Amino acid sequence: MKENNKSLQGSREKQYGIHFLMIGLLLAPGLGLSLLVASHSHRLITDWLENFCMALFGISIGLILVGAYYYGKNQKRETLHPKKLWFKVLYTFFIIIYVVGCTSVGVLLYGPNVTFKDWLVTTAMATMDHEYYCQWFYNDAEIEEVFSRNFLQEPEGSTDESLIDIRPPEAEQLKPEHQEQVAEIAYENKYEKQILDREEGAIYQIIRFKVNGCNAYLAVIYEPSRVKVVVTNRLGKQGQYLEKMAPASKALVAINGGRFYDPKHSSAGGQPKGITIQNGKVLTNNTYGKVTSGGIIGFTEEDKLVLLSKGTTAKQALDKKVRDALSCGPFLIVNGKSAYSKGNSGSGYSAKTAIGQRPDGIVLFLVVDSNSTRTKGATYADMTAIMENYGAINAASLDGGTSSVMVEKGKVINDPIDGDHKHQSRPIPTGFIVAK
């Protein structure tokens, strides 16, 4: 009888041990990760939640120790029933994956390799309305540290219009109908050849290439007088898809424009940030928000791209004969001087859009796609280098990320990815077009 009671007690203790181990192993990794996050920032794991997690973590460790004791104390060699064996194998596999997953997230966020940390912080902070994505995991000092090794220093000053001499391409630079009938044209480099070797009478052409494994599209516009600002038909209330805006404006080519108010990535995309000017009329004159770079990007009545630094008023822009403009940035090239970039330029790798102009007046629209997970794409340094290669004397970044889109004759030709990771564009308030 005593042996039976002892055996029964041992069986119960073993069952308790198994249950304690299961509960403890389910709680400990997740709670440990939560405490690790809380040690860096209290924006996601608040003070009271940290204390609660700490108490539960202590309990879970206690359960693991007690469970291991009871299980080990009463462990005997026995043949498990197939169902119990499968359960044990599956549970063990799940626990291993769970522990490895929590550990991997912790290492990714706080490990010695800062690549992911830099990407997360710079990408989240660059969106302006989504800083909380990185503030959940890092305190202000850590965020500042990231930007100390990843930043873009814009060129100083505003554009000098006298450096732009708009002229039609030379006759010998046009692609002849029969190439064999003319002498070979000497171009400075392959980029100049791509730009200047065009069909006679062409208003634009689109050059396709790769950037960091992602598709890139460069629209080369030969008549800058055709470049104008387009806005949503419900400005201030509702944005439009660019593929809807462009045909309504009879555009040959279009790209997205300036930034807009988008709290929690849930806005209708109808309210631009900063100044919007269309055909010499001021449409919006809003506070630019937290953006400290860039300013007004527009074209004068002489069809010259001007970059006016942050703080320039709408009146000052009109005084400079600006006919079409919007607010964005940062500025990548000003009067031939390029921005200085360090690390990932402070913006991470993502889909990006930029606009530029060469000294001969040719305008460049540039869009670089991201991948399906929105973890690749271009940096500001990449965009600057492309604009340099193709001869831009002035260039600026437009809104990027989910807004980056290029439309040709009413059809989206790149692969935009929205906030839900769907392969589609999103409603925006402004853009640049090439009018017919």
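Only the coordinates and a few stated rules stand behind these numbers; no lab work does. Remember, predicted model here, so these are calculated numbers, not experimental data. As a convention, Cβ positions derive from the backbone with ideal geometry for all residues, glycine included, and neighbour counts pool all protein chains shown.
Taking 25 Å as the cut-off for C-alpha to C-alpha distance, list the pairs among Lys210/Lys342; Lys237/Lys304; Lys310/Lys376 that go past it. Please list the in-between numbers first.
Working: Lys210/Lys342 22 Å; Lys237/Lys304 31 Å; Lys310/Lys376 29 Å.
The pairs that break the limit, which is 25 Å between Cα atoms, are Lys237/Lys304; Lys310/Lys376.
Starting from 0.36 nm per residue, how many nanometres of slack lie between Glu145 and Lys337 once their C-alpha separation is accounted for? Could you put the intermediate results ahead of the total?
Numbers: separation 192, 0.36 × 192 = 69.12 nm, distance 2.71 nm.
Net length gain for the segment: 66.4 nm.
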>> Running a GNM on the chain with Cα contacts under 10 Å, which residue among Gln240, Gln278, Gln15 ends up with the highest mean-square fluctuation?
In response: Gln15
> Can you list the chymotrypsin sites (Phe, Trp or Tyr not before Pro) in the range 243-341 that are in a DSSP coil and have 13 or fewer other beta carbons within 10 angstrom?
Replying inline: none
>> Output the 0 to 90 degree angle, nearest 10, between the alpha-carbon long axis of helix 380-389 and the longest principal axis computed from the alpha carbons of the chain.
In response: 30 degrees
>> Please give me, ordered by residue number, the trypsin sites (Lys or Arg not before Pro) of the range 328-423 that lie in loop per DSSP and have at most 15 other Cβ atoms within 10 Å.
In response: Lys409, Lys422
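Would you please give the FRET efficiency between Thr287 and Ala186, computed as 1/(1 + (r/R0)^6) with r the Cβ-Cβ distance and R0 = 51 Å, to the nearest 0.05? Each step should come with its number before you reach the end.
Details: r = 51 Å, r/R0 = 1.00.
With R0 = 51 Å, the Cβ-Cβ based efficiency is 0.50.
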> Hey, in the GNM for the chain with a 10 angstrom Cα cutoff, which one of Ile393, Ile61, Ile417 fluctuates hardest?
Replying inline: Ile61
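Test of understanding: given the chain, find the longest segment containing no GluC sites (Glu not before Pro) that are in a DSSP loop and have at most 15 other Cβ atoms within 10 Å.
Details: sites that count: Glu78, Glu156, Glu170, Glu177, Glu184, Glu188, Glu200, Glu301, Glu302.
Between the exposed loop sites, the longest stretch runs 303-436.
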> With each label point set 7 Å from Cα along the Cα-Cβ vector, what nm distance links Arg167 and Tyr98?
Replying inline: 7.4 nm
> Which distance in nm do the two modelled labels at Lys88 and Met22 give, with both placed 7 Å along the Cα-to-Cβ direction?
Replying inline: 1.4 nm
>> Which residue fluctuates most in the GNM of the chain (Cα springs below 10 Å): Thr402, Thr159, Thr373?
In response: Thr373
> With no solvent and one point per C-alpha, what does the Debye sum give as log10 I(q)/I(0) for the chain at q = 0.07, 0.13 Å⁻¹?
Replying inline: -0.47, -1.08
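Mean residue ellipticity at 222 nm from the helices of the chain, using -39,500 (n - 2.57) per DSSP H segment of n ≥ 4 over the full residue count, to the nearest 500 deg cm²/dmol? Intermediate results must be reported in sequence, preceding the final value.
Working: 10 runs with 149 residues, N = 436.
Value at 222 nm, helices only: -11000 deg cm²/dmol.
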